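Reading through the structure tokens given below for one structure.
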Amino acid sequence: MAFRGEECVRGRDAIEHIKANEKMDAHLSFELKRAGAKDVEAYKHQIAQERRDSLAFRGEEFVRSRNAFEKIIGDESFNEHLSLELKRAGEKDVEAYKEQMAQERRDSLAFRGEEFVRGRTAIEQIEVDERMDEHLSIEL
């Protein structure tokens with residue numbers, strides 16, 4: 001019986017050892033599962049953060065792009081406005097030049113008319129003087 005008692009104790013120890021190993025394996029499995037779940041949560045958090053960062057970057061990039069586009073459009077609008085102003089200024093200069101040329105032509109015609117009248121008057125005066133001299137010479 002002593003043999004049976006020892007055998008029984010060894011069997012019980014073996015069963016307890018197996019149960020302890022199973023408990024340890026279950027605990028390790030639980031720890032690994034828990035660590036895996038924590039890793040999954042950390043990964044999900046990291047992915048969510050990367051998405052937020054990406055979205056923020058794309059938003060900033062969109063704003064930069066839109067601002068650049070608006071600046072280009074604004075520059076084009078400004079350049080078009082400036083071009084129209086320069087065109088209008090050029091047209092005004094042409095009109096002023098035409099008016100100046102017309103005024104100079106009028107002044108020139110007026111001066112030539114006055115010169116013609118002075119010359120004609122001088123010629124008529126000379127003719128009158130000549131006739132007067134002739135008349136006086138005939139009378140004498």
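Things worth noting here:
- Scan of segment 121-138 for residues that are surrounded by 10 or more Cβ atoms within 10 Å (Cβ to Cβ) and of a type outside the set (A, V, I, L, M), ordered by number: 121, 124, 125, 127, 129, 130, 131, 133, 134, 135
- From the options 23, 87, 44, residue that is over 17 Å from the mean Cα position of the chain (by Cα), of a type in the set (Lys, Arg) and at pLDDT 95 or above: 44
The values are calculated or read from the model by the stated rules, or taken from the named source; none is laboratory data. These numbers come from a predicted model, not from an experiment. Don't worry about glycine lacking a Cβ; one is built from the backbone with ideal geometry, like all the others, and counts go over all protein chains shown.
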